[in-house]
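In what follows, a structure is listed as structure tokens, so that the remarks can point back to it.
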Amino acid sequence: MVREISLSASDFIYPLFVHEGSEDEVIDAMPGCRRWSMAGLVKEAGEAYALGVPAVVLFPAVDGSLKNKTADECWNDAGLIPRAIKGLKAEYPDLVVVTDVALDPYNSDGHDGVVREGEIVNDETVEILVKQAVCHAKAGADIVSPSDMMDGRVAAIRSGLDEAGYADVSILSYTAKYASAYYGPFRGALDSAPKGGDKKTYQMDYANVSESIRETILDEEEGADMVMVKPAGAYLDIIYRMKQTTTLPVAAYQVSGEYLMIKSAAKAGWVDEKAVVLESLTGIKRAGADIILSYFAKDVAGWLKG
Ligand code: PBG
């Protein structure tokens, strides 16, 4: 009766990996997650949806032969993600399909932006991100979610979508995305680690707070519909500050490393998985997150129902 915060299945966006193969592949570094085949993806998303999870976000494992320096495959209308969107929408028209907008799974350099002479070129990257967002919208995505951290991309994507006739497609911006060691297992899952250097020239320094406020103000001005903090568990103060700064819905991403730490400790018998998952996610919501991206989304929805 006096509990202030309660989790609900409708708080969640469920991240799912998809690949070209016809088998669902186990991901060693993310026990319990799979690189889904198209059929597996539709089934898994459908099960989560039936438990009350309203949305999924898709990440592609792209064959090495399709990667190049300008990530051309990322806006191929016949590519993996457009086909996955159509497959999901055909089966579950009301499932909210969110797509990741960034070059890294398609880029032979493994960076979120185009690399020229060792530098990330911001503006050329933004032009490609706009093509990618429009490609996803054309295939039926409800929300596009730029995770690349290039400057000015939210405004460019907004006008690109509007001009192409997709004014009703929303933007969930990775607003305060920190350069984080917690992304390691994800990069293994997609084989998307940078081939050289690191992401510290475009992702944020984890020692910074004010910069997250500045990014929030910029994203709001540029037309974001929702803003995000990533990772979540080590950044609860940032979630709190962002929630005080904006009236937009605030999302937080409990990333692969956070997931793996809980999973591996639970597997070793050192913590109670369900208890720790519920506590960590309630903490993220208590800090101010309206929406949570978590690999535990389907499990939690099942527990809440059960
Ligand atoms: C890259 C992207 C990353 C994640 C989501 N989108 C990794 C990165 O920035 O290197 C990480 C998600 C996770 O760790 O769960 N566009």
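What the table below lists for this structure:
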read-out	value
Kirkwood Rh and Cα Rg combined as Rg over Rh, evaluated for the chain	0.93
Helical contribution to [θ] at 222 nm, DSSP H n ≥ 4, -39,500 (n - 2.57), averaged over the chain, rounded to 500	-12000 deg cm²/dmol
Å² per residue, accessible surface of segment 9-305 at 1.4 Å	40
Leu293 long-range amide H proximity, modeled H, under 5 Å	Ile13, Ala252, Tyr253, Gln254
Sequence of Lys67, Lys305 when ordered by accessible area, the most exposed leading, probe 1.4 angstrom	Lys305, Lys67
Accessible area of His111 in the full protein assembly, 1.4 Å probe (Å², nearest 10)	10
Other-chain or far-sequence residues with amide H under 5 Å of Gly110's (modelled H)	Lys195
Mean Cα-pair separation over length for segment 93-191, i.e. relative contact order, pairs under 8 Å, 6 or more apart, %	28
Accessible area of segment 9-305 belonging to carbon and sulfur atoms, whole % at 1.4 Å probe	51
Estimated vicinal HN-Hα couplings, Hz - segment 228-235 in sequence order (Karplus 6.51, -1.76, 1.60; Gly, Pro = x)	9, 10, 8, x, 10, x, 8, 10
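The values are calculated or read from the model by the stated rules, or taken from the named source; none is laboratory data. Everything quoted here is computed from the prediction, not taken from an experiment. Side chains are part of the model used for accessible areas, which takes the heavy atoms of the whole protein and leaves out ligands, DNA and RNA. Shrake-Rupley method; radii C 1.70, N 1.55, O 1.52, S 1.80 Å.
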